[in-house]
Amino acid sequence: MSTATITSKGQLTLPKEVRDDLNLREGDRVSFEKVDGRYVLRPQNKSVMDLAGILHRPGEKSMSIEEMDEAMGEALREDNDRIRKYGSGRAGD
């Protein structure tokens with residue numbers, strides 16, 4: 001079992017084991033849903049717009065179409081795996 005401590009600002013750091021299991025990275029969003037008197041933490045689905053970061057940035061080498069396809073495919077696989085394991089994060093899942 002993993003534990004965390006809440007700071008005076010109401011913040012907590014998720015243990016690495018939990019972040020790894022949920023495939024969470026810095027900047028990812030999670031939801032807290034009350035289910036049967038307990039709270040469930042769920043990763044929020046990323047939208048296609050979140051993939052915009054794979055596009056060209058000034059001063060950096062552009063990605064090829066194949067590299068973009070691979071990056072998008074990998075992101076979709078990760079999202080699908082997370083949804084299968086934890087649900088979509090929407091009420092009723």
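Search the stretch 1-35 for residues being among the basic types (Lys, Arg) and not in a loop (DSSP other than H, G, I, E, B), and hand back the single one that is nearest to the chain's Cα centre (by Cα). Let's see the steps before the verdict.
The first filter runs over the stretch 1-35 and keeps only residues among the basic types (Lys, Arg), leaving 9, 16, 19, 25, 29, 34.
Imposing the further condition that a residue be not in a loop (DSSP other than H, G, I, E, B) reduces the set to 16, 19, 34.
Details: Lys16: 14, Arg19: 9, Lys34: 20 Å.
It comes out as Arg19.
In this structure, is Leu41 at pLDDT 85 or above, surrounded by 13 or more Cβ atoms within 10 Å (Cβ to Cβ) and either of a type outside the set (Phe, Trp, Tyr) or touching a Phe, Trp or Tyr at 6+ places or on another chain (Cβ under 8 Å) (or both)?
Values: at pLDDT 85 or above: yes; surrounded by 13 or more Cβ atoms within 10 Å (Cβ to Cβ): yes; either of a type outside the set (Phe, Trp, Tyr) or touching a Phe, Trp or Tyr at 6+ places or on another chain (Cβ under 8 Å) (or both): yes.
For Leu41, the condition - at pLDDT 85 or above, surrounded by 13 or more Cβ atoms within 10 Å (Cβ to Cβ) and either of a type outside the set (Phe, Trp, Tyr) or touching a Phe, Trp or Tyr at 6+ places or on another chain (Cβ under 8 Å) (or both) - is met.
Name the residue that is farthest from the chain's Cα centre (by Cα), counting only residues in the stretch 74-93 that are of a type in the set (Gly, Ala, Ser) and modelled with pLDDT under 85. Steps first, please.
Initial filter on the stretch 74-93 (of a type in the set (Gly, Ala, Ser)): 75, 87-89, 91-92.
Checking which are modelled with pLDDT under 85 leaves us with 87-89, 91-92.
On the way: Gly87: 12, Ser88: 11, Gly89: 11, Ala91: 17, Gly92: 19 Å.
Within the stretch 74-93, the match that is farthest from the chain's Cα centre (by Cα) is Gly92.
Within the stretch 2-26, count every residue that is without any contact (Cβ under 8 Å) to a residue 60 or more places away in the chain and either surrounded by 11 or more Cβ atoms within 10 Å (Cβ to Cβ) or within 21 Å of Gly87 (Cβ to Cβ) (or both).
First, pick out the residues of the stretch 2-26 that are without any contact (Cβ under 8 Å) to a residue 60 or more places away in the chain: 2-21, 23-26.
Okay, now just the ones that are also either surrounded by 11 or more Cβ atoms within 10 Å (Cβ to Cβ) or within 21 Å of Gly87 (Cβ to Cβ) (or both), so 2, 4, 12-15, 17-21, 23-25.
So the answer is 14.
The values are calculated or read from the model by the stated rules, or taken from the named source; none is laboratory data. Bear in mind that the values here come from a model prediction, so they are computed numbers and not experimental data. All Cβ positions, glycine included, derive from the backbone under ideal geometry; neighbour counts span all protein chains shown.
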